[in-house]
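Heads up: the structure comes next, in structure tokens.
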Amino acid sequence: MTITTFEQLLGTLKKVTDDITKTIPFKNIQSFLGDLKQIKPTWPALKIGNLVAPTPIVQGGMGVGISLSSLASAVANVGGIGVIAANAIGLLEKDYYKDGREANLRAFRREIRKAREMTKGIIGVNIMVAVSDFHQLLDVAIEEKVDIVFMGAGLPIKGIPVEKIRENGVKIAPIVSSARATEMIFKMWKKIYNDVPDAVVFEGPKAGGHLGFTEEQLEDPAYQVEAIVPEIAKVLLSYGQEFAREIPLIAGGGVYTGEDIYQVLQSGAQGVQMATRFVATDECDADIRFKQAYVDCTKEDLGIIKSPVGMPGRAIRNKFITDSEAGIRPAFTCAWKCLSSCKAQDANYCISIALNNARKGVLQGGFVFAGSNAYKIQEIVPVASLVSELSTGYLLAERQKISSKLESLVASLQHLAERYKTMQGQVIELGKAYEKVLTTPSELMEKVTLTELRENYVKTQAKAKKLQLKMVEKLMASWYLLEPQRI
């Protein structure tokens, strides 16, 4: 069913409602139906403590320098949660090779402040637990009072300044790849801090960039969003009850359309994380050539690489990748040991430098991370247009769920309305006949049974009232069906 068809169905329901409410004697129901007619189904807000994102989308953090203040603020301005990626953000600075740690902290703080100047919406940051300056970057995020910190590439358990985080009103959301990891983080937080994170992000195997799965698990149904989300939801429900709070689950990896968002929320998540779709937007902080790589790529171009950080990653395969796999080493200088587990020498390249080159559009010196659905992207659009498209797709998926039932109710209403109209005509005619008999000379009254007329009139009027009540019941059922919380 298309949006247009559903709008036609909704229009029919409104007309039938208007016609029927003119005849029903229940004033309160008339008023109530009037209120229900104003309801428009929409996606639910994502609530993380006192943070409320009207658009239940978290824009995934993309380093190096792909999601900075421009993209994050644009997403926040349309009601989502915009995210600045901290990973190797110091490569934006001229002195990165002189002092990479200091350059990271300076650039990170600047981008957070720039984003705050461009939006009043929700701004988050993404910090990899595995990076050497994780704790320093986290301190900057807390000092700048970002709304939420997403922590991936490791388990954020040790040395988390929870008290300082709470004092500054910052929310914490670990990024996980399993219910087991979720349980471990929450169990240790409870033990060490007598607290738990505010939300959790599950990043599935269809995501772009580094993946928390083995290559064998990437296509295994047991590790996909629809399989893992319910498992994590159970863990969060248990801890939520213990700590008397709602702990939302945000799921991502392969989420491409509004219909996808609907399905993920139906599986038990309260929000989605999307990164790939936001690359091909005007506001994305990457060079236009980086964005165009998404538009130009084919399904066959997308593949898995072995990253220097020891994890598989999904990227748009190019000559840089095939050369490195063949042992052809590009010249590079390691600025500092930004990641203790990095094996740049073994992989024949520095991933931060490669990603930064790609960000600048120098694709011969790097490569582009991308999700499994990147090949579907056809054009670069404004963030607002993208979110509008996603909203429409969600609305369509939401309405399709109830369309057949609503169509049946509307058809039944139309049938009842026609029967009621016919029966009302019969009541009027019987009333006239009964009135005529009463005023007819006595010799005519002998030819007509007054009692029979009266009984027919009463019976027909009772049937009309019964039909009227059935119409009211189906009207209420139809409009209740359209309430967002019921859909």
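For Gly61, the conditions (1) modelled with pLDDT of 95 or more; (2) closer than 21 Å to Leu390 by Cα are fulfilled apart from (1).
For the stretch 232-259, the set of residues classified as more than 28 Å from Gln378 (Cα to Cα), crowded, with 17+ Cβ neighbours inside 10 Å and among the aromatic types (Phe, Trp, Tyr) consists of Tyr239 only. Among residues of the stretch 65-86 being farther than 25 Å from Pro248 by Cα and buried (at least 24 other Cβ atoms within 10 Å of the Cβ), the one that is modelled with the lowest pLDDT is Gly65. Taken as a whole, the stretch 286-296 holds at least one residue that is out of contact with any Leu (no Cβ under 6 Å at 6 or more places or on another chain), free of Cβ contacts under 8 Å to residues at least 60 places away in the same chain and not assigned by TED's automatic domain parsing to the domain that holds Ala72.
Against the list (1) over 25 Å from Leu265 (Cα atoms); (2) in contact (Cβ under 8 Å) with a residue 12 or more places away in the chain; (3) in a helix (DSSP H, G or I), the condition Lys145 fails is (3).
Condition check: outside any strand (DSSP E or B), outside the structural domain of Ser132 (by TED's automatic domain parsing), out of contact with any strand residue (DSSP E or B) (no Cβ under 6 Å at 6 or more places or on another chain) and modelled with pLDDT under 90. Does Leu91 satisfy that? Taking the combined requirement at face value, the residue does not satisfy it.
Every condition in (1) farther than 19 Å from Phe243 by Cα; (2) surrounded by fewer than 18 Cβ atoms within 10 Å (Cβ to Cβ); (3) without any contact (Cβ under 8 Å) to a residue 24 or more places away in the chain holds for Glu167 except the one numbered (1).
Scanning the stretch 413-427 for residues that are in contact (Cβ under 8 Å) with a residue 40 or more places away in the chain and within 11 Å of Val16 (Cα to Cα) returns Leu413, Gln414, Leu416, Ala417.
If you go through the stretch 260-275 and keep only what is part of a loop (DSSP other than H, G, I, E, B) and surrounded by fewer than 24 Cβ atoms within 10 Å (Cβ to Cβ), you end up with Ser267, Gly268, Gln270. The condition of being small (Gly, Ala, Ser), out of contact with any Pro (no Cβ under 9 Å at 6 or more places or on another chain) and within 19 Å of Gly253 (Cα to Cα) holds for Gly209. When you look at Lys432, is it at pLDDT below 80, of a type in the set (D, E, K, R) and out of contact with any Pro (no Cβ under 7 Å at 6 or more places or on another chain), yes or no? No. In the stretch 326-373, the residue that is farthest from the chain's Cα centre (by Cα) out of those that are of a type in the set (Val, Ile, Thr) and modelled with pLDDT of 70 or more is Ile328. The set of residues in the stretch 207-221 that are within 18 Å of Asp260 (Cα to Cα) and either free of Cβ contacts under 8 Å to residues at least 40 places away in the same chain or aromatic (Phe, Trp, Tyr) (or both) comprises Glu219, Pro221.
Applying a threshold of 8 Å to beta carbon distances and a minimum spacing of six or more residues, or different chains, the list of pairs starting in the stretch 90-104 at a residue that is without any contact (Cβ under 8 Å) to a residue 40 or more places away in the chain and closer than 16 Å to Leu355 by Cβ and ending at one that is surrounded by 15 or more Cβ atoms within 10 Å (Cβ to Cβ) and of a type in the set (Lys, Arg) reads Gly90/Arg101; Gly90/Arg106; Glu93/Arg106.
Across the stretch 87-128, the qualifying residues are those that are of a type in the set (Val, Ile, Thr) and over 13 Å from Gly63 (Cβ atoms), and the one among them that is surrounded by the fewest Cβ atoms within 10 Å (Cβ to Cβ) is Thr119. On inspection, Val255 passes the criterion of being outside any helix (DSSP H, G or I) and aliphatic (A, V, I, L, M). Residue count for the stretch 279-314, restricted to those that are under 30 Å from Leu237 (Cβ atoms) and not aliphatic (A, V, I, L, M): 0.
The values are calculated or read from the model by the stated rules, or taken from the named source; none is laboratory data. Not measured: the values here are computed from a predicted model. Note that we place each Cβ from the backbone using ideal geometry, even for glycine, and neighbour counts take in every protein chain shown.
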